[in-house]
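Since the structure comes first, as structure tokens, the remarks are kept for the end.
The values are calculated or read from the model by the stated rules, or taken from the named source; none is laboratory data. Small disclaimer: the values here were computed from a predicted structure and weren't measured. Heads up, the Cβs are rebuilt from the backbone with ideal geometry, glycines too, and the neighbour counts pull from every protein chain shown.
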């Protein structure tokens, strides 16, 4: 598996929220946007915002900030979100269905061309506009679609065997929503989504808030 | 809203995967675990692992590493995952249902005491063992339950009005799965979950992998 550059990861993770905010300000008619305004909108420090945006290669102009159109392009090109990425989703359960209906993805070029499931009641039907196909045709269908990205939302006990088939079918990137650490060849990228991470953040931040409430403000 | 310490955030986000890995190694009978082993398991740099774990206050012993039991306790206490946190979930749709069935949460002390929805077909029923109650009783029920954390999985157009009710009911922390930037009083913590963040990571990592494949290895 490719080792991710940990130092850049937090910046990359924040880029989608920058994009969301900047597009909103663009709709309001702003031609330039400053790092300070983005920071205020997102409750971040301005220096952090400028550092994060620099990874896309764009540099703001002193006093004016970033030209909005160029900033959007820079982020989208850096993320390759200016291109449509065809993907398949495996496991059309509740989480899979939620992801198929997640409107943001289409704005980011993420196009789910098909879903796979083993439940006969789902096969052949459309869920949120995505056709559900039998999982035992997955390998050949993925080859036909020439899809390189798979979203994995199967139950954890099926995760590894499903990943093996995805790799055989030529998948180069797996977005893994199971809690299984997948074993894949070195050149396959796995992005593991851990919903507990957000809960960890919430717990620590709430605790910090409680502590600051119980302490009198400094003179 | 409380400003999160951005510098510590990536470390906090990684703690749940450390916990998962360490518990696995504990089941295999290990009494000590080194930062290097954790790093290998999680595809990280050892220095990063030691830095991350240091935020919990634990320091490894030279050559032996961390005592496994103490390390688990340190992480769980830091995250307050040694305590049961009662929560409510608002919006029992596909994503809400997926979260109610997410087994990991119980291991982390996250206890969903009730769900709220406006769909009469869901009200009064149990989903994944969680009773669904009518959303218009939410404010009084949350007061009765004395719950301080809410998981928000309503459709985005209802997000702000729901958050307003949650705040009135005494909720101190909102785990926000909608794409709305909620307006809440200063002392309420909002943890916004953005599923696009993981997709951004996947796209950039795949692109890095592609670039390294197309370049001949350095001599």
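Go through the residues of the range A:68-75 one by one and say whether even a single one is within 14 Å of chain B (Cβ to nearest Cβ), touching a strand residue (DSSP E or B) at 6+ places or on another chain (Cβ under 6 Å) and within 30 Å of residue A:36 (Cα to Cα).
Within the range A:68-75, not a single residue is within 14 Å of chain B (Cβ to nearest Cβ), touching a strand residue (DSSP E or B) at 6+ places or on another chain (Cβ under 6 Å) and within 30 Å of residue A:36 (Cα to Cα).
Is it the case that residue B:202 is free of Cβ contacts under 8 Å to residues at least 12 places away in the same chain and either at positive phi or surrounded by 15 or more Cβ atoms within 10 Å (Cβ to Cβ) (or both)?
Considered against the rule, which asks whether it is free of Cβ contacts under 8 Å to residues at least 12 places away in the same chain and either at positive phi or surrounded by 15 or more Cβ atoms within 10 Å (Cβ to Cβ) (or both), residue B:202 comes out as yes.
Based on what the data block shows, is residue A:159 away from chain B (no Cβ under 11 Å), under 18 Å from residue B:21 (Cβ atoms) and buried (at least 19 other Cβ atoms within 10 Å of the Cβ)?
yes
Among the listed residues A:209, A:114, A:159, identify the single one that is touching a strand residue (DSSP E or B) at 6+ places or on another chain (Cβ under 8 Å) and modelled with pLDDT under 95.
Exactly one residue qualifies, and that residue is A:209.
Only residues that are within 15 Å of the chain's Cα centre (by Cα), at negative phi and in a loop (DSSP other than H, G, I, E, B): list them for the range A:63-82, please.
Selection gives A:81, A:82.
Residues in the range A:34-55 that are buried (at least 19 other Cβ atoms within 10 Å of the Cβ) and either in contact (Cβ under 8 Å) with a residue 40 or more places away in the chain or under 30 Å from residue A:131 (Cα atoms) (or both): how many?
Residues that pass the stated criteria total 1.
Restricting the search to the range A:108-126, which residues are within 14 Å of chain B (Cβ to nearest Cβ) and under 30 Å from residue A:77 (Cα atoms)?
Matches in the range A:108-126: A:108, A:109, A:110, A:111, A:112, A:115.
Every residue in the range B:85-103 that is touching a residue at least 24 places away in the same chain (Cβ under 8 Å) and under 22 Å from residue A:180 (Cα atoms), please.
Matches in the range B:85-103: B:95, B:96, B:97, B:99, B:100, B:101.
Test residue B:97 against the stated conditions and say whether it is touching a strand residue (DSSP E or B) at 6+ places or on another chain (Cβ under 8 Å) and within 12 Å of another protein chain (Cβ to nearest Cβ).
Yes, satisfied.
Does at least one position in the range B:28-37 carry a residue that is within 22 Å of residue B:104 (Cα to Cα) and within 20 Å of the chain's Cα centre (by Cα)?
Checking the range B:28-37: not a single residue is within 22 Å of residue B:104 (Cα to Cα) and within 20 Å of the chain's Cα centre (by Cα).
Residue-by-condition table, conditions (1) touching a helix residue (DSSP H, G or I) at 6+ places or on another chain (Cβ under 9 Å); (2) facing chain B (nearest Cβ under 9 Å):
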residue	(1), (2)
A:174	yes, yes
A:177	yes, yes
A:182	yes, no
A:193	yes, yes
A:214	no, no
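Just one of A:22, A:59 is in a loop (DSSP other than H, G, I, E, B) and either over 17 Å from the mean Cα position of the chain (by Cα) or surrounded by fewer than 19 Cβ atoms within 10 Å (Cβ to Cβ) (or both); which is it?
Of the residues listed, the single one that is in a loop (DSSP other than H, G, I, E, B) and either over 17 Å from the mean Cα position of the chain (by Cα) or surrounded by fewer than 19 Cβ atoms within 10 Å (Cβ to Cβ) (or both) is A:59.
Of all residues in the range A:114-147, how many are closer than 30 Å to residue A:15 by Cβ, touching a helix residue (DSSP H, G or I) at 6+ places or on another chain (Cβ under 8 Å) and surrounded by fewer than 18 Cβ atoms within 10 Å (Cβ to Cβ)?
Looking only at that region, the number is 2.
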